[in-house]
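The values are calculated or read from the model by the stated rules, or taken from the named source; none is laboratory data. Being a predicted model, the structure only gives us computed values, none of them experimental. Cβ: placed from backbone, ideal geometry, glycine included. Neighbour counts: every protein chain shown. For accessibility, only protein heavy atoms count, side chains too; no ligands or nucleic acids. Shrake-Rupley method; radii C 1.70, N 1.55, O 1.52, S 1.80 Å.
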Amino acid sequence: MKAESHPASDQETMNHREHDPADARAHKIPVSVVDRRRVGREEDGTVEADVAGPNLKPSYVEELEGRVARAEARLKERLAELEEEARRSRERVARDLERRYADREKATLLDVLDILDDLDRAAALAADNPAVAQGLSLVSGRFVQFLERRSCVRFSPACGDDFDPTIMEAVALQPGEAGKVAGLLQVGYRQGDSLLRPAKVSVGTGPRGSTLSAD
């Protein structure tokens, strides 16, 4: 006589399902991630409504971005300072070079003027020898052209002109109208708007004055 087979009870079936791994995975409880940066602020009510959406960046990323932004701002500020310093340095160098060039040019022109004065004196002494005087005058004319190309102009105060200390140098005193040019001893030169060499003159001291050398 065959033993009758009885279906498993409902309790056994439930126990079997509870121990079935596949069934456990099918009924796995979903896991949620909480942004801990907002927990404390939510509790004290300081969190404002995020209009643009949730901030998904970790806090350390935001801190690094802030540091980078501040470093970039400091770098731009320092670069601007260095550019300004470089500009001022270039201007100082340019002014210094221009001043040095002007000083050297003035020294060279003054040397030329001394040579020209010697030629003029030699030509005056050689007045009795026309050939020598003419040769010296030709050389002197070359120097004058050299000076004119560099905007150097000769000026000669006349007797009776008011003495102007800005363009004249009084080297002697002699009887004559007081405060007036009594004689021309050396011509002066201008270069553009600046004085290259003052004219040397004697100044009158009045009818009763005597000829004295000025310091």
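Some observations on this one:
- Solvent-accessible area of Phe143 with every protein chain in place, 1.4 Å probe, in Å² to the nearest 10: 60
- For the stretch 59-182, the share of accessible area belonging to carbon and sulfur comes to 55 percent (1.4 Å probe, ligands and nucleic acids excluded).
- Rolling a 1.4 Å probe over the protein heavy atoms leaves Tyr101 with an accessible area of roughly 150 Å².
- In plain terms, the chain from Ser59 to Arg104 could stretch by 9.4 nm, reckoned as 0.36 nm per residue minus the Cα-Cα distance.
- Net charge of the neighbourhood of Ser202, taken over other residues with C-beta under 11 Å away and scored Lys/Arg +1, Asp/Glu -1, is +1.
- Cβ-Cβ FRET estimate between Arg67 and Arg87, R0 fixed at 41 Å, reported to 0.05: 0.85
- Charge sum, other residues only, whose C-beta stays under 15 Å from Gln134's C-beta, Lys/Arg counted +1 and Asp/Glu -1: -1
- Summing charges over neighbours of Glu105, with a neighbour being any other residue whose Cβ is under 13 Å away from its Cβ, gives +3 when K and R count +1 and D and E count -1.
- Å² per residue, accessible surface of the stretch 82-210 at 1.4 Å: 66
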